[in-house]
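To start, the structure under review is shown below, and the notes come after it.
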Amino acid sequence: MQLLSRITSLHLLTILGFYKYNFKYLTHHQLRAPAILASLAQSPHDLTPTDALIPPVRKLSHQFVHPGVGSEVCRRSERDRLPEEQG
């Protein structure tokens with residue numbers, strides 16, 4: 001999945017089935033959710049139709065963003081901050 005996303009972005013390929021394939025794995029209980037999110041973030045390029053990206057983004061918002069998420073999840077910890085943000 002990650003290899004295909006990198007090849008897609010590097011060679012400016014448009015594989016619409018790739019987004020549909022990833023779509024079914026975007027769930028909050030998926031153990032490899034970070035890898036799936038990374039592959040979805042790497043694959044789009046300037047020639048990717050926005051219509052292909054709307055369903056995965058919408059599913060992301062429904063699966064991972066909800067009122068039950070605590071504020072500690074939304075904040076970055078002190079050790080994760082960039083040097084210019086500290087201090």
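Count of the range 52-64 residues, restricted to those that are loosely packed, with under 14 Cβ neighbours inside 10 Å and either touching a strand residue (DSSP E or B) at 6+ places or on another chain (Cβ under 6 Å) or within 18 Å of Ser9 (Cβ to Cβ) (or both), is 1.
In the range 1-19 there is no residue that is of a type in the set (D, E, K, R) and without any contact (Cβ under 8 Å) to a residue 24 or more places away in the chain. Each residue in the range 42-51 was checked for being surrounded by 13 or more Cβ atoms within 10 Å (Cβ to Cβ) and over 11 Å from Ser5 (Cα atoms), and 1 pass. Across the range 24-41, the qualifying residues are those that are part of a helix (DSSP H, G or I) and open to solvent by less than 70 Å² (accessible area, probe 1.4 Å), and the one among them that is modelled with the lowest pLDDT is Ala33.
The values are calculated or read from the model by the stated rules, or taken from the named source; none is laboratory data. All of these numbers come straight from a predicted model, not from anything done at the bench. As a convention, Cβ positions derive from the backbone with ideal geometry for all residues, glycine included, and neighbour counts pool all protein chains shown. Remember, those area values only see protein heavy atoms, side chains included, never the ligands or the DNA or RNA. Shrake-Rupley method; radii C 1.70, N 1.55, O 1.52, S 1.80 Å.
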